[in-house]
Amino acid sequence: MSHVRRPAPKELQPVSFAFTPEYMEKAKKIIAKYPEGRQQSAVMPLLDLAQRQTEGNWVPTVAMDYIADMLDMPAIRVYEVATFYTMYNLAPVGKNFIQVCTTTPCWLRGSADVVETCKKELGIGIGETTEDGLFTMIEVECLGACVNAPMMQINDDFYEDLTADTTKAILDTLKKGEKPNVGPQSGRKGCEPIDGPKVLKAFCGCGAAPQDADASKGDA
Amino acid sequence: MPKLTVDGIEVEVEAGATVLQACEEAGKEIPRFCYHERLSIAGNCRMCLVEMERAPKPVASCAMPAADGMVIKTDSPLVHKARNGVMEFLLINHPLDCPICDQGGECDLQDQAMAYGCGSSRYAEKKRAVKDKELGPIVKTVMTRCIHCTRCVRFSEEVAGVGTMGAVYRGEDTEVGPYIEASINSELSGNLIDLCPVGALTSKPYAFTARPWELKKTDSVDVMDAVGSNIRIDARTGEVLRVLPRTNEDINEEWISDKTRYAIDGLKRQRLDRPYVRVNGKLQPASWDEAFAAIKAKVSGLKGKQIAAIAGDTVDCESMTALKDLMDKFGSPNLDCRQDGSNIGGPRSSYIFNSTISGIDEADVCLVVGANVRAEAPIINSRLRKRWRTTAGDFKLGIIGEKWDPTFKNDYLGAGPDTLSEILEGKNEFAKLLKAAEKPMIIVGMGALNREDGDAVLAATRAIAEKFGMVSGEWNGFNVLHTAASRVGGLDLGFVPGEGGLATNDILDGAAKGDVKVVYLLGADEVDTSKLEKAFVIYQGAMGDAGAQAADVILPGAAYTEKNGTYVNTEGRAQQGWRAIFPVGDAREDWAIVRALSGALDMTLPYKNIDEVRARMVEISPTFASLNVPSKAEWTDFGKAGDMKPEGFVSPVRNFYMTDPISRASVTMAKCTEAFVKEAAAEKVA
């Protein structure tokens with residue numbers, strides 16, 4: 001089960017929100033993309049900007065009100081969007097926001113180990129934040145990287161082809177304040193087959209000699 | 001016009017109609033939860049599934065446009081199976097608490113589960129529970145019962161114009177309500193209760209009071225404002241328990257305001273249930289004979305001019321007729337039905353809502369002068385909003401007077417007569433809109449007309465109507481918005497000063513000076529009673545409010561729920577309401593009290609029953625000859641051009657929830673005042 005999303009308690013909600021000049025410029029660019037009278041369509045990217053600007057990587061209620069005002073729409077319509085999409089955090093999360101995929105393909109490939117490692121290494125359960133505020137872990141549904149299963153997303157980056165060991169290594173690097181290598185942790189490139197290229201080998205210069213025309217038609 | 005076949009019946013429907021409407025045209029009942037005629041189509045409950053030939057699966061008839069040649073089946077095994085499935089899903093998370101649910105007996109889900117539900121559940125897992133929402137003093141919530149039809153969301157967004165309700169979170173976690181705690185700050189919030197097809201939103205004041213089948217239902221007319229909303233009064237054993245709207249497309253569609261719906265608990269408090277006579281400065285209980293004798297002792301020997309009568313805001317036309325005739329017998333010209341001191345009442349077209357309420361649906365520009373329509377007549381405001389919505393914002397509303405929020409985009413033009421002159425001279429931007437409009441209209445409120453310079457303001461508004469072509473051919477866009485249910489009826493009956501007679505303010509001044517010896521207050525509580533100390537005051541009415549406190553004799557009358565009565569709404573439409581329960585204690589129907597008094601004074605009025613009174617009303621004014629239709633009034637000259645004072649117009653309704661003796665005595669209205677009016681005032685200060 002995923003954790004229950006609810007707005008942060010009153011004590012955590014800031015009393016005001018406004019885009020910084022830098023973010024304001026980005027927001028204006030986004031709004032300008034939509035035709036006159038359709039500015040409300042910018043609500044999703046604007047919520048994302050608000051989340052990025054806010055310490056703790058979340059969207060406070062005042063930020064939703066601020067965006068509603070900016071786009072001239074009822075606040076409840078912004079609340080609906082922000083609560084519907086799970087990528088908007090309604091309460092503060094840790095500096096490293098870990099989303100472990102546990103949908104079927106990842107689960108078949110060992111996502112349970114990844115979750116267990118995170119729990120053990122960080123000392124937190126699903127939906128919880130470490131005391132130092134460095135990590136929050138949640139479980140998510142498919143993030144669309146099944147070919148590199150199992151995987152997890154930390155902030156904006158995907159870490160794929162995980163095992164218990166590589167997961168631990170990533171967390172250790174993050175604990176040191178460094179940034180781990182993004183992408184597959186198994187050494188393979190992108191989402192190519194796990195035991196090396198199978199097709200078009202002649203063009204990528206990886207091993208086999210050029211084949212004649214007939215062979216390329218056959219089962220590679 | 002598409003032609004289609006529904007269960008073998010060929011029907012032709014208007015272009016743009018849905019399959020569901022076509023099925024209804026063919027006489028087939030389609031179950032539904034989310035679909036509602038007056039709201040936008042959501043198509044999310046899936047209960048209205050029908051089978052359509054050549055479609056691979058059942059279609060949601062509410063969201064499917066009817067097309068030529070469609071063949072629809074509403075009663076096939078596929079349809080039944082599909083609806084059974086939908087019902088089973090709906091019931092998965094719905095609690096089985098019908099015995100303690102207030103919706104029981106009038107619940108769409110209950111009824112349709114009888115038709116489409118299976119006898120037992122296959123669902124053994126945990127049901128979900130949802131935290132209840134606090135929506136204010138009127139709407140009670142039990143959100144676990146919610147089936148996410150989103151009718152309330154659409155109503156508050158589209159009709160009420162307050163974006164409070166929404167569907168937040170997603171999937172199984174979906175919750176309907178405000179994201180952060182908020183009351184529904186709308187004068188129409190009670191309609192959410194009617195709209196909710198299940199027991200998620202129920203009536204807080206009516207909670208656990210009665211079952212619908214125990215109630216006696218009586219058709220009536222609302223008197224809380226001048227709209228004349230059609231209502232149904234539900235009563236049990238001599239007690240009015242609730243008021244519901246009755247559909248009338250020309251007036252209130254199927255909405256009523258919260259005051260209409262909930263002021264009735266005021267009828268149980270501060271009632272006058274027996275006659276009183278003031279003895280040695282104190283009001284003492286008396287019999288009818290003693291009360292009449294006290295009046296007789298006082299009036300005998302008085303000249304007609306020394307007697308005066310003022311009729312209040314919620315009085316029925318029958319009693320005004322009787323009192324007017326009695327004043328004639330006294331030989332007194334001093335009578336007035338305008339207790340606010342205004343001078344309206346010339347030609348009929350100068351005091352009615354000429355375009356009619358449904359005429360708003362045709363207007364393209366509207367100028368509101370001195371009326372807070374949202375507070376004075378929320379139903380009319382919702383009609384204006386509807387017009388604005390259906391024209392996609394092309395309908396323009398200009399406001400002169402106090403600033404108020406009509407819940408949609410508007411142009412605030414100015415506070416008072418200066419702006420009116422500007423418009424008349426064409427100096428204002430809004431004047432151009434009026435000039436270009438095909439069917440412009442003006443709504444003039446009591447805030448503009450109950451001033452000393454009311455005649456001049458009336459003349460100026462008439463000049464605007466003339467100048468901008470608001471009256472042409474069939475269209476008459478000159479509208480007066482009243483705040484009192486009895487006003488137009490009183491004016492039609494001629495309950496105004498006769499030759500040399502005194503109007504309300506003169507009556508009060510005369511009483512203060514001692515020229516007027518006897519003042520008959522017929523349900524009039526909003527007058528300055530401090531001026532009545534010297535005079536002998538007869539108060540006839542149902543509620544112990546200001547008038548009764550100043551009275552020397554109290555004649556207990558019936559409230560609007562307790563008598564058959566005729567009321568003329570602001571459009572000049574005469575409507576009759578029926579008695580739901582009998583008056584409390586010794587109280588009697590008002591016209592009968594006046595008739596009995598006339599007998600005691602040896603000036604017996606010539607009618608023995610209500611039909612004869614009504615015949616007399618028809619004699620006085622043709623308004624009463626044709627019920628339920630507004631008669632067109634001839635456009636003539638009225639008003640008196642003159643200097644207007646520069647002060648801004650002030651709406652007479654300061655607090656929507658408390659405008660008359662009944663709503664002032666109501667606990668629910670007091671709670672609403674606390675929650676909405678005082679809160680708003682506090683916010684303004686902060």
- Where nothing but the Cβ of Lys and Arg (+1) and of Asp and Glu (-1) is charged, how large is the charge dipole of the protein assembly as shown around its Cα centre, in debye to the nearest 20? 940 debye
- Averaged per residue, the 1.4 Å probe accessible area of region B:323-431, protein heavy atoms only, in Å², is roughly 31 Å²
- Item | region B:296-452, relative contact order [Cα under 8 Å, separation at least 6], % | 25 percent
- Query: Computed over the Cα atoms of chain A, what is the ratio Rg over Rh, Rh following Kirkwood?
  - Reply: 1.09
- Which of B:22, B:93, B:44 sits farthest toward the positive end of the charge dipole of region B:1-154, with +1 on the Cβ of Lys and Arg and -1 on the Cβ of Asp and Glu? B:93
- Positive end of the charge dipole of chain B (Lys, Arg +1 and Asp, Glu -1 on Cβ, about the Cα centre): tell me which of B:119, B:231, B:538 has its Cα farthest that way. B:119
- Item | Interface residues in region A:1-40 - accessible area drops by 20 Å² or more relative to the isolated chain, probe 1.4 Å | A:6, A:7
- Note on the structure: From the cross-link list A:28/B:131; B:127/B:268; A:26/A:95, the entries with a Cα-Cα span beyond 31 Å are A:28/B:131; B:127/B:268
- Query: With every protein chain left in place, what is the accessible area of residue B:208 in Å² (1.4 Å probe, nearest 10)?
  - Reply: 140 Å²
- Item | Column: log10 I(q)/I(0), Debye, Cα scatterers of region B:567-634, q = 0.25, 0.26 Å⁻¹ | -1.13, -1.15
- Task: May I ask you to give the solvent-accessible area per residue for region A:68-191, in square angstrom, as obtained with a 1.4 angstrom probe?
- Result: 48 Å²
- When the accessible area of region A:98-204 is split by element with a 1.4 Å probe, what percent falls to carbon and sulfur? 53 percent
- SASA check, residue B:216, accessible area w/ 1.4 Å probe, all protein chains in place, rounded to nearest 10 Å², comes out at 110 Å²
- The correct ranking of B:232, A:5, B:274 by accessible area at 1.4 Å, largest first, is B:274, B:232, A:5
- Over what distance in Å are the Cα centres of region B:518-589 and region B:304-349 separated? 13 Å
- Task: Could you work out, for region B:23-146, what percent of all Cα-Cα pairs fall into each 5 Å distance bin, beginning at 0 Å and stopping at the bin that holds the largest distance?
- Result: 2, 9, 17, 20, 20, 14, 9, 6, 3, 1, 0
- Ignoring ligands, DNA and RNA, what percent of the 1.4 Å accessible area of region B:61-152 is carbon and sulfur? 60 percent
- Message: Set the bar at 26 Å for Cα to Cα. Now go through B:3/B:386; B:386/B:632; A:10/B:133; B:259/B:403; B:467/B:645 and name every pair that lies beyond it.
- Response: B:3/B:386
- Note on the structure: Of the accessible area of region B:215-312, computed with a 1.4 Å probe and all protein chains kept, carbon and sulfur make up a percent value of 44 percent
- Note on the structure: Checked chain B against the a/c 1.5 cut and the a/b vs b/c comparison, axes a ≥ b ≥ c from its Cα gyration tensor; verdict prolate
- Label region B:445-490 by shape, choosing from rounded, prolate and oblate, from the square roots a ≥ b ≥ c of the eigenvalues of the Cα gyration tensor; if a/c is under 1.5 it is rounded, and otherwise prolate applies when a/b is larger than b/c, oblate when it is not. oblate
- By a straight-distance test (C-alpha under 27 Å), which lysines pair with residue B:534 as possible cross-link partners, with residues fewer than eight away in the same chain excluded? B:282, B:296, B:298, B:303, B:305, B:324, B:329, B:513, B:517
- With an 8 Å cut-off on Cα pairs and a minimum separation of 6 or more residues, tell me the relative contact order of chain B in percent. 15 percent
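Per 0.36 nm of contour for each residue apart, how much would the distance between residue B:284 and residue B:549 grow if the chain were fully extended, relative to their Cα-Cα spacing?
Gain on extension, residue B:284 to residue B:549, equals 94.2 nm.
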- Query: What total accessible area, in Å², is buried where chains B and A meet, using a 1.4 Å probe and rounding to the nearest 100?
  - Reply: 1300 Å²
- Mind putting a number on the dipole of region B:580-686 about its Cα centre? Charges go on the C-beta only, +1 for Lys and Arg and -1 for Asp and Glu, and I need it in Debye to the nearest 20. 180 debye
- Message: Given the whole protein assembly as supplied and a 1.4 Å probe, what does the accessible area of residue B:94 come to in Å², nearest 10?
- Response: 20 Å²
- Residue by residue through region A:41-55, which ³J(HN,Hα) values in whole Hz follow from phi under the Karplus form 6.51 cos²θ - 1.76 cosθ + 1.60 (θ = phi - 60°), with glycine and proline marked x? 4, 7, 4, 5, x, 5, 4, 4, 4, 4, 5, 5, 6, 7, 4
- Message: Per-residue Cβ counts within 10 Å, from other chains only, averaged over B:168-177: what number is that?
- Response: 4
- Dipole moment magnitude, nearest 20 debye, chain B about Cα centre, only Lys, Arg, Asp, Glu C-beta charged: 1200 debye
- With the Cα gyration tensor of region B:1-62 giving a ≥ b ≥ c as the square roots of its eigenvalues, does the rule (a/c under 1.5 for rounded; else a/b larger than b/c for prolate; else oblate) give rounded, prolate or oblate? oblate
- Would you mind giving the mean number of other chain beta-carbons within 10 Å of the Cβ of each residue in A:78-91, as a whole number? 3
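The values are calculated or read from the model by the stated rules, or taken from the named source; none is laboratory data. This one's a predicted model, so the numbers in the text were calculated from it and none came from an experiment. Quick reminder, even Gly has a Cβ in these numbers, built from the backbone with ideal geometry, and neighbours come from all protein chains shown. Keep in mind that these areas ignore ligands, DNA and RNA; they rest on the heavy atoms of the full protein, side chains included. Shrake-Rupley method; radii C 1.70, N 1.55, O 1.52, S 1.80 Å.
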